[in-house]
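Enquirer: Following this message is one structure expressed as structure tokens.
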């Protein structure tokens, strides 16, 4: 595990639908040849309308999530309004960039719904911030992305997007040794978020 | 000069009087009351910030005197009191607006900037070795919530307003605004109402005696009225009829 890229374990998928956003990730926690846990959670709601999902080192994923949650909770109280998806992603981007010489080993996506509609952003370890319609991150991304690439249309609904995300992660699990053991999903629409966990 | 009870309690800002007052903060409020008249108005169409400028000497170039400032593209502020203190707060507010953009990739709310300024003002009423800012600001702008108008004072308190005035003659201006203000106005009527209210205390009605900043709801962009625009609106306000100045 000398290569940083090889530490980007797992598979994360995010799809922007016309009525919301779907984030999904598998549950495997592996260190080299050792499968340490089958119940790693990598998809988290941040607010009622914004969530994040990551691949990489679980400690880093958990830390990033907690830091963003604390900052955004505080910001929402201070601003007296729901925070935008872009603001959440930009803040995370700055935190990642500030640590660029000892980076968090995690690739993250921030998705949700705000005044401007459904939004999805992806971030690498160093904090680059890219807005996209769909994305796949982690070691399994190379396998997962093909399925989404052909299955995605801009008129996709949240329901269809969730099915597509699950199929894409299953495909990655079939060929990526660092991915597996179940799928967590987070669906965000204008009426709030719902979490789901699928056993394999 | 001072009553026996009061003696001594105005020596340091961090000492309360037995009545629970901080005299230095109150004196800072006096500096605001003696400042040149400043008015802020919001209407359904945007926000207007205006100030009167007095000719300090026959050779002064009033165009170089600034009392209405841009904080960010969508926020402006007008000040009354010690202008040198205002500059420090304005620089701070501009910096905070840019930090917010850098952190969140969006424009700061007007209330957020107001709060940042008020927090700084409050700190200068509680720490040793400093004095309070002798300045009050009217901060206005258009953000996600629509047109917004706030006023801060040296104590660090802030309130939201539909219309407000600061400085000498502000009581007169507020009286006039209370009778003539309404929220549903287009931006030009709002500017003219501001000019009319300032005419109650203004030394003269020449264009260079006024400084007016406007943020309308469509462009959400702060801009200062040019001399040409000012002269035109002053003429229009005159033809609509200016309020009667009370006899001294």
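Matching residues to (1) touching a strand residue (DSSP E or B) at 6+ places or on another chain (Cβ under 8 Å); (2) under 26 Å from residue B:187 (Cβ atoms); (3) buried (at least 24 other Cβ atoms within 10 Å of the Cβ):
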| residue | (1), (2), (3) |
| --- | --- |
| B:39 | yes, yes, yes |
| B:47 | yes, yes, yes |
| B:54 | no, no, no |
| B:62 | no, yes, no |
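Enquirer: Of the numbered conditions (1) within 14 Å of chain A (Cβ to nearest Cβ); (2) in contact with a strand residue (DSSP E or B) (Cβ under 9 Å, 6 or more places away or on another chain); (3) assigned to a helix (DSSP H, G or I), residue B:88 satisfies every one except a single condition; which is it?
Expert: Single failed check for residue B:88: (1).
Enquirer: Looking at B:51, B:97, B:77, B:31, can you tell me which residue is modelled with pLDDT of 90 or more, in contact with a helix residue (DSSP H, G or I) (Cβ under 9 Å, 6 or more places away or on another chain) and in a helix (DSSP H, G or I)?
Expert: Every option except B:97 fails the conditions.
Enquirer: Give segment A:73-90 a look and list any residue that's surrounded by fewer than 21 Cβ atoms within 10 Å (Cβ to Cβ) and within 26 Å of residue A:40 (Cβ to Cβ), or say none.
Expert: A:73
Enquirer: On the phi < 0 side of the Ramachandran plot, buried (at least 21 other Cβ atoms within 10 Å of the Cβ) and in contact (Cβ under 8 Å) with a residue 40 or more places away in the chain: which single residue out of A:129, A:137 fits that description? Lay out the reasoning, then the answer.
Expert: On the way: A:129 fails: buried (at least 21 other Cβ atoms within 10 Å of the Cβ).
Testing whether each residue is on the phi < 0 side of the Ramachandran plot, buried (at least 21 other Cβ atoms within 10 Å of the Cβ) and in contact (Cβ under 8 Å) with a residue 40 or more places away in the chain leaves just A:137.
Enquirer: What is the number of the single condition among (1) within 14 Å of chain B (Cβ to nearest Cβ); (2) assigned to a loop (DSSP other than H, G, I, E, B) that residue A:121 does not meet?
Expert: (2)
Enquirer: Follow-up. Just to be sure before I move on: is residue A:67 surrounded by fewer than 17 Cβ atoms within 10 Å (Cβ to Cβ), touching a residue at least 24 places away in the same chain (Cβ under 8 Å), within 27 Å of residue A:30 (Cα to Cα) and within 14 Å of chain B (Cβ to nearest Cβ) in the structure I sent?
Expert: Taking the combined requirement at face value, the residue satisfies it.
Enquirer: Looking only at residues that are under 17 Å from the mean Cα position of the chain (by Cα) and closer than 14 Å to residue A:113 by Cβ in segment A:75-94, which one is farthest from the other protein chains (Cβ to nearest Cβ)?
Expert: Applying the filter and picking the extreme gives A:85.
Enquirer: May I pose another question? Please give the strands (runs of 3 or more DSSP E) falling wholly within segment B:104-191 in which 2 or more residues are away from chain A (no Cβ under 14 Å) and crowded, with 21+ Cβ neighbours inside 10 Å.
Expert: By residue number, B:135-143, B:146-152, B:163-166.
Enquirer: Now for a separate question. Would you be able to say whether some residue in segment A:153-170 is in contact (Cβ under 8 Å) with a residue 40 or more places away in the chain and closer than 16 Å to residue A:65 by Cβ?
Expert: Taking every residue of segment A:153-170 in turn, none turns out to be in contact (Cβ under 8 Å) with a residue 40 or more places away in the chain and closer than 16 Å to residue A:65 by Cβ.
Enquirer: Something else now. Is one or more of the residues making up segment A:95-114 free of Cβ contacts under 8 Å to residues at least 24 places away in the same chain, within 14 Å of chain B (Cβ to nearest Cβ) and either touching a strand residue (DSSP E or B) at 6+ places or on another chain (Cβ under 8 Å) or under 21 Å from residue B:107 (Cβ atoms) (or both)?
Expert: So far as segment A:95-114 goes, no, none of its residues is free of Cβ contacts under 8 Å to residues at least 24 places away in the same chain, within 14 Å of chain B (Cβ to nearest Cβ) and either touching a strand residue (DSSP E or B) at 6+ places or on another chain (Cβ under 8 Å) or under 21 Å from residue B:107 (Cβ atoms) (or both).
Enquirer: Tell me the strands (runs of 3 or more DSSP E) entirely within segment A:1-117 that contain at least 3 residues that are out of contact with any helix residue (DSSP H, G or I) (no Cβ under 6 Å at 6 or more places or on another chain).
Expert: A:12-17, A:20-26, A:34-37, A:50-56, A:106-114
Enquirer: I would also like to ask the following. If you scan segment A:124-134, which residues turn out to be assigned to a strand (DSSP E or B) and within 14 Å of chain B (Cβ to nearest Cβ)?
Expert: A:129, A:130, A:131
Enquirer: A follow-up question, please. Under the condition of being in a helix (DSSP H, G or I) and under 17 Å from the mean Cα position of the chain (by Cα), which residue from segment B:197-211 is nearest to residue B:68 (Cα to Cα)?
Expert: For segment B:197-211, the residue satisfying everything is B:209.
Enquirer: Out of segment A:140-157, which residues are surrounded by 23 or more Cβ atoms within 10 Å (Cβ to Cβ) and in a loop (DSSP other than H, G, I, E, B)?
Expert: Hit for segment A:140-157 is A:140, nothing else.
Enquirer: Here's another thing I want to ask about it. Do we find that residue B:94 is surrounded by 15 or more Cβ atoms within 10 Å (Cβ to Cβ), more than 14 Å from chain A (Cβ to nearest Cβ) and within 29 Å of residue B:226 (Cβ to Cβ) in this structure?
Expert: Spelling it out, residue B:94 is indeed surrounded by 15 or more Cβ atoms within 10 Å (Cβ to Cβ), more than 14 Å from chain A (Cβ to nearest Cβ) and within 29 Å of residue B:226 (Cβ to Cβ).
The values are calculated or read from the model by the stated rules, or taken from the named source; none is laboratory data. If you're wondering where the values come from, they're calculated on a predicted model, not measured in any experiment. With ideal geometry, Cβ positions are generated from the backbone for all residues, glycine too; neighbour counts draw on all protein chains shown.
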